[in-house]
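One structure is given below, encoded as structure tokens.
Derivation of every value follows stated rules applied to the coordinates shown; laboratory data play no part. Model, not experiment: these values are computed from the prediction. Cβ coordinates were reconstructed from backbone atoms using ideal geometry, including for glycine residues, and neighbour counts include every protein chain displayed.
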Amino acid sequence: MAFLNENLAAVLLVVLVLGIAAAIVAAVLLSRGAERRQARALGRLRHDSDRQAQALARLGENLNAAVRQIDALSGSMENRQDRMRRTLDERMELMNQANEHRLEQMQALVTDKLDGRLSESFQVINGQLAGVHRGLGEMRELALGVTDLKKMLGGVKTRGVWGEAQLRVLLEQVFAPGQYVENVAIPAGSQTRVEFALRMPTAGESEPLLPIDSKFPQEDYLRLVEASASGDAELARRCAAQLERAVLEQAKLIHDKYIRPPQTTDFAVMFLPTESLYAEVARRDGLLERLQERWRVLVAGPATLCALLTSLQMGLRTCTLEKRSGEVLNLLSGMKQDFAHLDESIQRMRQRLGQAESELDALEQRARKAVRAIDKVDEIQR
């Protein structure tokens, strides 16, 4: 029994030792399997980390390439904008210089023509006024020849023909044939005819006529001269009053027969063929003013008619220059419209440039966001 007990104890001890050894072997095997699994997991993590690093590297390279492309595109757009701006500035400068040169040429041309024509007109006027002064100085000498004039112009018809011939000579000296007409019917189609009528151009298309009629109340004037020479003041006063009435009647006749707007102007001219007669009418107190205000008639002698017609001729030239100035203004208006269209084109170009700049700004913002994202990835890896 003791021997069995000892063998049983030995067997149990061996079994125990074998169990412990198996447990140790199992523990060792289990630890080695865990280590292998951990090694494989670590290998997979390293592989995944390497792939992520490679992917991040590729992403960084792509972003860097995109940034370089954006920078190149931005530089190209800036260069194009600079070239376009320089081209526009150069073209605008050339256009401004050309327009200024044209305007200076037009201004010089208009100024030369105006100065030349006005100078010629003023020279003619000065010459005519000098003739007026000489004529006034010679009125006394002309008054001495009243007796001879009375003998020569004794008939009414003779006086009328002589006054009409003198008026025709004065008109021929000052105006071209197309600027006045002779024996024109007023109103049109009637039998009433004025001796001469001056065409008056206006800013519009119409050309009203200025009636000019010759009148010669010689008998009343000669009676006044004789009464003044006799020294009878009362008789001279009555003769002067009669001369005023005769002149007023002739002015009324001219007004009623020849002033017919719009065919004619609203005033007419009474031509007195002798300077002495005109001087006597002119020195009547307020007579010329009454003729103008009441009957719309201007009185002129040979010398004063020349000055009046010269002034009218200068007015005709001024009207012509005004028409030419209107053409120049139309040209300038067309140039102004062209400049307005050019300004609109420039504004549209500026809008396009502004849109391109906005798109560049948006691309730059996107590039900055991408760079910031890359920086964050690099920070995570670290």
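A compact table of results
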read-out	value
Cβ-derived FRET efficiency at R0 41 Å, GLN191 paired with GLU234, nearest 0.05	0.40
Under-5 Å amide H pairs with TYR180, H placed in peptide plane, nonlocal only	ARG199
Long-range amide H partners of ASP232 with built H, under 5 Å	none
GLU100-ARG245 FRET efficiency (beta carbon distance; Förster radius 45 Å; 0.05 resolution)	0.10
Value of D in µm² per second that Stokes-Einstein yields for the range 50-99, Kirkwood Rh from Cα pairs, at 10 °C (1.306 mPa s)	114 µm²/s
